[in-house]
Amino acid sequence: MMNRWHAVKRLLPLLAGMALLLSACGRADLSALNPQGPVAEEQFGLMKLAITIMSFVVIVVCASLCTSS
């Protein structure tokens with residue numbers, strides 16, 4: 001258990017640095033959540049629908065696993 005913690009402790013600064021570097025990439029107006037145009041708006045609607053369905057499935061599965069044990 002301690003070896004795993006030491007490995008995570010070593011990788012944490014690297015992951016934090018990568019997150020900071022990658023978050024600065026691109027312009028502020030480039031976003032998947034800011035659709036521009038009719039096709040992008042339709043895709044955004046599909047993305048919201050898919051996330052809603054996936055969230056519902058995860059909640060149902062977690063609830064069934066919690067009640068079965």
Starting from the stretch 45-68, take each residue that is under 21 Å from ASN34 (Cα atoms) and surrounded by 10 or more Cβ atoms within 10 Å (Cβ to Cβ) and list its partners that are hydroxyl-bearing (Ser, Thr, Tyr) and at pLDDT 95 or above, counting only C-beta distances under 7 angstrom and pairs at least six apart or across chains. none
Could you please give the count of residues in the stretch 1-56 that are part of a loop (DSSP other than H, G, I, E, B) and modelled with pLDDT under 80? 13
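The values are calculated or read from the model by the stated rules, or taken from the named source; none is laboratory data. Keep in mind that what you see is a predicted model, and the values were worked out from it rather than measured. Ideal geometry is used to build each Cβ from the backbone, glycine not excepted, and the neighbour counts take in all protein chains shown.
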